[in-house]
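The next block holds one structure in the form of structure tokens; read it before the comments.
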Amino acid sequence: MSVSPYLNQTNTLTIAVTGLNANDNPGPGLGVIRALRDGFGENLRIIGLAYETLEPAIYLSDQVDKTYRIPYPTAGVEALKERLQQIQEVEHIDVLIPNFDAELFNFIKLEKELLSMGIRTFLPTHQQLADRDKVNLQAFGNKHGLDVPASETILAASELDQMADKLGFPLVIKGKFYEATIVQHISEAYKAFYKLQAKWGLPIIVQQFIKGTEINIAGLADGEGNTLSVIPMRKIYITEKGKAWAGITIADDKLINLAKAFAKATRWKGGFEMEIMRDEQDRLYIMEVNPRFPAWIYLSVAAGQNQPRMLVDLALGNQVKELTAYTAGKMFVRYAWDNIIDVAEFQKLSAFGEL
């Protein structure tokens with residue numbers, strides 16, 4: 001596969017990125033953009049694709065060259081396709097990198113149509129997406145001999161009492177797309193159920209609590225069963241929402257081998273994040289597998305493996321070799337920053353759907 005024809009005309013690579021919500025529950029978009037800017041330098045144009053007008057990265061003009069609003073995933077495939085066609089006529093996007101779990105189904109559905117527009121992606125299949133879903137994760141672990149906490153999927157709060165008897169407290173109550181709450185007794189379980197149901201809908205996942213050290217792994221796989229990059233990170237500061245606010249890269253062959261086992265079992269295509277709990281017996285439990293890069297993905301660049309850059313090369317059909325060496329002991333510490341903008345910018349995006 002050759003690179004996009006637009007590259008030969010302008011010598012500028014144009015990449016569209018979603019996930020611009022750089023808040024206390026950050027999306028991966030800004031980290032991906034920073035990695036791409038490091039990887040490709042000046043000959044790069046970043047197009048932000050936003051769902052909300054207050055996604056902070058929209059207004060970082062040194063990172064995002066142009067932003068367009070796109071319809072929510074619930075609007076369906078055709079609405080997304082129509083909007084992307086409009087944007088493509090103006091921007092000539094070469095590669096698109098979606099960064100939200102909930103939007104991936106639609107983007108995968110449109111993969112061939114996007115390619116016909118000149119937009120390349122490097123995404124998992126619908127089957128791969130389903131295999132690692134929270135609802136199916138325990139069955140996946142059992143099938144491939146991977147340690148996964150016991151869990152049950154429920155559709156009604158009345159099932160919580162039975163789950164508590166079966167799994168014991170503490171319990172982890174999870175939304176089907178995002179968020180998890182650790183509960184100590186049944187009243188907290190009911191409260192968490194209704195909160196997550198209202199926000200993300202049904203089903204709700206009830207999972208066994210595993211005590212241990214939280215570790216995340218950022219990975220990139222080629223769709224043929226091979227990993228091209230694996231970076232493990234230990235959380236050293238965690239927010240109330242369970243998000244890593246600080247972390248450090250660690251050297252651990254056992255973690256790397258686990259990521260490779262996942263990629264081989266699924267023949268995963270694209271970026272992924274594994275959320276791992278290491279218990280006191282050194283067992284590695286897979287808590288979740290996220291089907292995209294994590295918000296802390298810029299740490300992969302600091303460690304010596306620029307995974308977003310590698311993904312773009314894969315999307316363009318360029319040869320990408322496996323990277324194994326990386327630097328342990330690289331840390332990130334997230335911070336809040338008051339970015340000042342003029343209200344006219346916000347109004348323009350709200351009124352016209354672009355900025």
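The values are calculated or read from the model by the stated rules, or taken from the named source; none is laboratory data. Quantities reported herein were computed from a predicted structural model and do not represent experimental measurements. Quick reminder, even Gly has a Cβ in these numbers, built from the backbone with ideal geometry, and neighbours come from all protein chains shown. Only protein heavy atoms, including side chains, enter the accessible area calculation; ligands, DNA and RNA are left aside. Shrake-Rupley method; radii C 1.70, N 1.55, O 1.52, S 1.80 Å.
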What chymotrypsin sites (Phe, Trp or Tyr not before Pro) does segment 280-355 have in DSSP loop regions with at most 12 other beta carbons within 10 Å? Tyr335, Trp337
Lys, Arg +1 and Asp, Glu -1 on Cβ, resulting dipole of the chain about Cα centre, debye, nearest 20: 460
So, with a 1.4 angstrom probe, what is the percent of accessible area on the chain that is carbon and sulfur? 50
Looking at the P(r) of segment 93-203, how many percent of alpha-carbon pairs lie beyond 19 Å? 56
Sorted from largest down, what three extents in whole angstroms do the Cα atoms of segment 1-152 have along their principal axes? 52, 36, 32
Can you work out the base-10 log of I(q)/I(0) for segment 211-333 at q = 0.21 1/Å, using the Debye formula on its C-alpha atoms alone? -1.22
Can you give the accessible area per residue of the chain, in Å², using a 1.4 Å probe? 46
Of all DSSP beta bridges located in the chain, what percent are antiparallel, nearest 5? 75
Take the eigenvalues of the Cα gyration tensor for segment 40-100, scale each by 5, and report the square roots as semi-axes in whole Å, largest first. 20, 15, 10
Report the residues of segment 269-295 in range of a label on Asn142: point 7 Å along Cα→C-beta, backbone N strictly under 19 Å from it. 285-289
Suppose only helical runs count, i.e. DSSP H with n ≥ 4. What mean residue ellipticity at 222 nm does that imply for the chain under -39500 (n - 2.57) per run, divided by all residues and rounded to the nearest 500 deg cm²/dmol? -10000 deg cm²/dmol
Residue-span extension gain [Glu322 to Lys166] - 0.36 nm each, minus C-alpha spacing: 51.8 nm
When Lys and Arg each count +1 and Asp and Glu each count -1, what net charge do the other residues less than 12 Å away from Ile15, Cβ to Cβ, add up to? +1
What FRET efficiency would be calculated for the residue pair Asp282, Asn339, taking the C-beta separation as r and a Förster radius of 35 Å, to the nearest 0.05? 0.25
Which cross-chain or sequence-distant (5 or more) residues have an amide H under 5 Å from the amide H of Phe100, H modelled 1.01 Å from N in plane? none
Please compute one quarter of the surface area of the Cα convex hull for segment 150-208 and express it in square nanometres. 3.1
If you take all C-alpha pairs in the chain, what percent of them are over 26 Å apart? 50
On a straight-distance basis, which lysines could pair with Lys195 in a cross-link, Cα separation under 23 angstrom, same-chain partners fewer than 8 positions away excluded? Lys134, Lys166, Lys174, Lys176, Lys241, Lys243
Enter the angle in degrees (range 0 to 90, nearest 10) between the Cα long axis of helix 29-40 and the first principal axis of the Cα atoms of the chain, meaning the one along which they spread out most. 50
What GluC sites (Glu not before Pro) does segment 182-285 have in DSSP loop regions with at most 10 other beta carbons within 10 Å? Glu224, Glu240, Glu280
Under Stokes-Einstein, with the Kirkwood radius over Cα pairs standing in for Rh, what whole-number D in µm²/s applies to segment 78-139 at 10 °C and 1.306 mPa s? 126
